[in-house]
Each structure stands twice: as C-alpha cells, then as structure tokens.
Amino acid sequence: MSDVLQRTGSIGSRGGRPIRILLTISDLRGGGAEREFSLLVQHLSRKRFEPHLCFWRENFAYSVPPDLPVHWVEKTKPWHVPKTVLGLRRLVDELKPDIVFSQLHYVNMLTGTALALTRHRPRWVFRLVNDPKREMQGPFAIWARRALRGADVAVGCCDGVSAAMLEHLRLSKERVATLRNVVDLEAIDRASREPLPIERPENVFIVVHAGRFAPQKNQAMLLKAFAKLKGQRAMLWMLGEGPGEGELRSLADSLEISPQVKWLGFQDNPYTFYRAADCFALSSDHEGLPNAVIEAMACGTPAVSTRCPYGPDELIEDGVSGLLTPVGDVGSFGEALAALLNAPGRVREMGELARRRTLRDFDTREMCGRYEDLFEEVVSR
C-alpha cells in the first residue's frame, strides 16, 4: 500500500458528486484516538467528500463539526451487540455510502459484522490504534479475523501495529497500510501558550503525565519510579481520570510521595501543562502511537517512556529527543527521571530536538490529505 500513501492530488468525485463516506466510532469521550477522529472529520475536504458520522453514545469531550449529519446506533451495554449490528446494517443500506471508515478495535469488529449482512456493499477501511495481540485474544481473535477480513484496507497507526495485524489477524500484506496520527500542531502551539491555571513552583523539576487511569497505562509503575525522587525538588502532575484513581492515590500515600503529586483531573487544555513541565512521562505496558507523547514533544517537552509495543520507539530517539526504558522496569524509569532532574541543559536540548522532530513528521493538512488519497484510491478500484 505504500504507493497509495505517497500519491498526491484528487481522483475527483463519484459521478459528479463528492464521495459519500460514513465515519464511525463509539463516542468522543476523551482518549487520543477520539481526539484524532475529531480532527480528521473537521479537516476532511467537503469538496472531495460528503461525510456522515455514526456514534454509539452521546459522550463528547471533543467537538463535532456542526455541518455534518450525525447518525446514532445505540451500544451502551454488552447485550446491545445484536441491536448495534442490525442498526448499522440498516444505516448503511439506507445511506448507501461509497465507503465506510471505522476506528477502534471493537467498533471495527461490529462494523465488519454489519457490513457482511448489508445489501449495499460499500468499500471499507478500518484503523487500529492499539496492539491487536492484546485487544483481540481467544474468541475475540476468532471473531476479529472473520469480521475484519472483509476490509478493503486495514490501517495501522504505526509500523508496529501494522506488523502485528499481519501476524495476528492474518491479513494479506497488500491490504495493510500505515497512517500515523492526525495532530493539529498549530492549535497545540496556541493552546500551550495560554496561562497555566495553577501555580508552577520555581526551581522544581516537573514531571507531567496524562492518560486514563487504567491498567494499560501502568501509572503504578510511574509512581514507584517517581518515588526515587522523594524528598527532592520534584513534582509529578497527574492529568486524567479513570477507575484506577483511588488505588493510585492510595499507592502514592503508601510511597510517602503524596505531597509531591498533584492530581489535576481531565484537562481540556493539557498543552499548557506540557509546556510548563520539564519532561513528560509515559509508563504504558502497550500503546498504539501515543498522542500524548507527540503532543508533549510538539510543546518542546522531552518524554521519558517505556519502550512498549508499539509507538514510542518510532517517536523518540533514545538519548537524543527523549529517553526509553524497558516496560515495567521501575529502576530504569526512576534513573531516567533522575538523570533529567540533574541536567537542565540536557532537558532543554532534548526538548528542542523533540519539537523539531514532531514539526517535521506530523502536519495536519498533510496527514488528512493522505487519508483522503487513501479513501479515494479505495473507492476508485
């Protein structure tokens, strides 16, 4: 698929009209994949495409363009699966899109199941933003292989996820492509320069983390690593929320670092916190292509990250634009944080290199253009 992603220009419309595309995701509740989906639909060309949106739940942390029609297929409980599949099948048969684009593994599986039942057969592109080996195991893996094999193109968010799809989902190489995240660098730069809503203590090394408090993110490891800076002029800003917050707060108490940890909840503008911090910390056991790392680097803040599958090692040049440590290794992560605590000049140099790397590799218009070219190429087959 590499030739598709390198193409430029427009194939044009279908019979003199824009290509009708149905873009579907469960909701826009606040994760990196949801933020990226929101950016894609905002920037998708209205001359080349007639976009329609489909959601499962009315849970929006990110904006929906007011000019786009929104369709609803309910899915709030596990037993809603048959109803969701039939609702999506009905929507596709009524709307008759030229192409369907879905994102997130469970949405992809239900979309593939529904499309196998439709009378109208559109083209279909799905995208995975996490490790399929972890998200699709046992019976889920069997269902995924059957549901996803009908896709015209399977898109991975990074090279690692694309390779995992080939191996785990047994997809053919000719139908797998890689498209990295859509990141609005200009908006991030503007937002990062807004006033910080909290007071930043002077002469204190600030580590910032952002993410849902869930096992995948392994914030427990981060707290244990940060405990190696206990009693030093260092603080940890925790941005996010989730079911694991209570246990994490208790862990911070038991590690006797609570006075150095600030729990800041979900922030509409995390970028001003990124810019004010000395480093960003990602402690995940697995990822896709972590938006938070990209966004922090765009703010000129180097990242200390686990070398988890997949993504961080495709973003961070170890020792140059950030630091990478083994997954789950408390000692190595703590040593990396300590190394930056004692080297402010190195922090500034790494941050500038990280910013340049992000500006070079991520551009909203270019990335959206690659999506548009891929959609048009698939429809033109």
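A few notes on this one:
- Pairs of Cα atoms farther than 21 Å apart, the range 185-361, %: 42
- Members of Lys47/Lys217; Lys47/Lys96; Lys47/Lys133 lying beyond 28 Å, as alpha-carbon distances in this model show: Lys47/Lys217; Lys47/Lys133
- Lys, Arg +1 and Asp, Glu -1 on Cβ, resulting dipole of the chain about Cα centre, debye, nearest 20: 1200
- Fewest-first sequence of Asp278, Asp285, Asp67 by Cβ atoms within 10 Å of each Cβ: Asp67, Asp285, Asp278
- Around Val261: net Lys/Arg minus Asp/Glu count, Cβ-Cβ under 11 Å: +1
- Oblate is the label for the range 255-330, because a/c, from the alpha-carbon gyration tensor with a ≥ b ≥ c as root eigenvalues, is 1.5 or above and a/b does not exceed b/c.
- Shape class for the range 85-195, computed from the alpha carbon gyration tensor (a ≥ b ≥ c): oblate, with a/c not under 1.5 and a/b at or below b/c.
- Over the chain, relative contact order from alpha-carbon pairs under 8 Å, at least 6 apart, %: 17
- His80, His105 arranged by Cβ crowding within 10 Å, fewest neighbours leading: His80, His105
- Table column - 3J(HN,Hα) (Hz), the range 96-111, Karplus curve with 6.51, -1.76, 1.60, x for Gly and Pro: 6, x, 6, 8, 10, 10, 10, 9, 5, 4, 6, 4, 4, 5, 6, 5
- Choice from Gly369, Gly244, Gly31 showing the highest fluctuation, given a GNM over the chain with Cα pairs closer than 10 Å: Gly244
- ³J(HN,Hα) computed for each position of the range 280-287 - Karplus, 6.51 cos²θ - 1.76 cosθ + 1.60, integer Hz, glycine/proline x: 9, 10, 10, 10, 4, 7, 7, 8
- Under-5 Å amide H pairs with Thr325, H placed in peptide plane, nonlocal only: Ser305, Thr306, Arg307
- The Cα center of the range 120-193 and the Cα center of the range 355-381 differ in position by 15 Å.
Read the figures in this text as sums done on the coordinates, not as results from a lab. Note that this is a predicted model, so its numbers are computed, not measured. We place every Cβ from the backbone using ideal geometry, glycine too, and count neighbours over all the protein chains shown.
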